[in-house]
Amino acid sequence: MNSFFISCPPKTVDLLVREIMPMGINITRETASGLQCEGVLRDAYQVCLQSRIANRVIWQLESAEVNSTD
């Protein structure tokens, strides 16, 4: 499973949740600007093709812990 973020216009997150839930995509976190989700590449493509509310689907390639600002 990979992580991806679905961005949306302000105040439309609730509508995006209702649109994404029937697709069977695992939503891990809601924010004011979109949804953090887990799934496979096919799920991300499905959102791109079927969502009318989503602005962007941002695929997380890697994550790392940062211990300082330098």
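The values are calculated or read from the model by the stated rules, or taken from the named source; none is laboratory data. Quantities reported herein were computed from a predicted structural model and do not represent experimental measurements. A quick note on method: Cβ atoms are made from the backbone with ideal geometry, for glycine too, and the neighbour counts reach across all protein chains shown. With ligands, DNA and RNA removed, areas are computed over all heavy atoms of the protein, side chains included. Shrake-Rupley method; radii C 1.70, N 1.55, O 1.52, S 1.80 Å.
Selection of segment 10-26 for residues being touching a strand residue (DSSP E or B) at 6+ places or on another chain (Cβ under 6 Å) and open to solvent by 40 Å² or more (accessible area, probe 1.4 Å) yields only Asn26. Mind listing whichever residues of segment 34-70 are touching a Ser or Thr at 6+ places or on another chain (Cβ under 9 Å) and of a type in the set (Lys, Arg)? Of everything in segment 34-70, just one residue is touching a Ser or Thr at 6+ places or on another chain (Cβ under 9 Å) and of a type in the set (Lys, Arg), namely Arg56. Among strands (runs of 3 or more DSSP E) entirely within the chain, having at least 2 residues that are β-branched (Val, Ile, Thr) and touching a helix residue (DSSP H, G or I) at 6+ places or on another chain (Cβ under 7 Å) singles out no element at all. Under the condition of being at pLDDT 95 or above, under 23 Å from Leu61 (Cα atoms) and not hydrophobic (A, V, I, L, M, F, W, C), the residues counted in segment 1-23 number 2.
Residue count for segment 30-58 under the criterion of being loosely packed, with under 11 Cβ neighbours inside 10 Å and not aliphatic (A, V, I, L, M): the result is 2.
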